[in-house]
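The values are calculated or read from the model by the stated rules, or taken from the named source; none is laboratory data. As the structure is a computational prediction, the values presented were derived from the model and not from experiment. Cβ placement follows ideal geometry from the backbone for every residue including glycine, while neighbour counts extend to all protein chains displayed.
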């Protein structure tokens, strides 16, 4: 009896230990899952604020929460490889012209040939993020037009590109071409800084950061400003790059396969 009672007590003690361990593991597991969920949600909210949720969706695809390889009966698939390759590209590939609103296509193509560093994919992706092709947009910070350039930079780089008799940021042709010239000017400055080893990192990322927060901020950071120093620069780079897949001919995606909640621009008539 004594031995049996001891065994029972030991068994009960072991069971209690396992139960306690199970509860602890469950609590920790739930906590970790909650933290991961909050991180994913935070990322989604940040990107939603930019108008795009591309990167959080890819993350969800990669970790298996979303079934991105399933066509859902629609006959199309999300190829995350294409999305990631486009996102990480230099934006100088062939333009998916069918994704660009017809009335802006030629100007965007022209702006993308102002220099070898900046392609049309970059120009149109900046426009998508800045104004979603609203050429009459007036921002609260004084930026105007389809490209939403800083007023002092438009004054410097803007010209009467459509020979209308006036130069205006609210004129799409003037705005887009000024954007191309300004981006090329920044790209050349960045190339010089890289050659002099004053900055380091991806040249396009630094050019985009300079466009958004200024070249001096990039110089001071010796590259793209860190998130704690300028979250605005980081978010802008992600926001622009997240449109590369849509506007890249190499990705050959359609509205149905591109993971975004942002409204699609009117496509060029075929």
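Quick notes
- Residue in segment 238-257 that is modelled with the highest pLDDT, counting only those that are farther than 18 Å from residue 120 by Cβ and surrounded by 15 or more Cβ atoms within 10 Å (Cβ to Cβ): 238
- For the residues 123, 118, the requirement of being within 18 Å of residue 203 (Cβ to Cβ), assigned to a loop (DSSP other than H, G, I, E, B), in contact with a helix residue (DSSP H, G or I) (Cβ under 6 Å, 6 or more places away or on another chain) and in the same structural domain as residue 93 (by TED's automatic domain parsing) singles out 118.
- Among (1) at pLDDT below 90; (2) crowded, with 21+ Cβ neighbours inside 10 Å; (3) on the phi > 0 side of the Ramachandran plot, the one test that residue 55 misses: (3)
- Some residue of segment 100-122 being buried (at least 24 other Cβ atoms within 10 Å of the Cβ) and at pLDDT below 95: yes
- Enumeration of residues in segment 200-218 that are surrounded by fewer than 19 Cβ atoms within 10 Å (Cβ to Cβ) and free of Cβ contacts under 8 Å to residues at least 60 places away in the same chain: 200, 201, 202, 214, 215, 216, 217
- Qualifying residue in segment 85-105 (condition: within 13 Å of residue 175 (Cα to Cα) and under 21 Å from the mean Cα position of the chain (by Cα)): no
- Residue in segment 126-142 that is closer than 20 Å to residue 213 by Cβ and modelled with pLDDT of 95 or more present: yes
- Residue tally, condition without any contact (Cβ under 8 Å) to a residue 40 or more places away in the chain and in a loop (DSSP other than H, G, I, E, B), over segment 89-112: 1
- Evaluated against (1) closer than 25 Å to residue 156 by Cα; (2) out of contact with any helix residue (DSSP H, G or I) (no Cβ under 7 Å at 6 or more places or on another chain), residue 190 falls short on exactly one condition, (2).
- Filter result for residue 169 (touching a strand residue (DSSP E or B) at 6+ places or on another chain (Cβ under 8 Å) and in a loop (DSSP other than H, G, I, E, B)): yes
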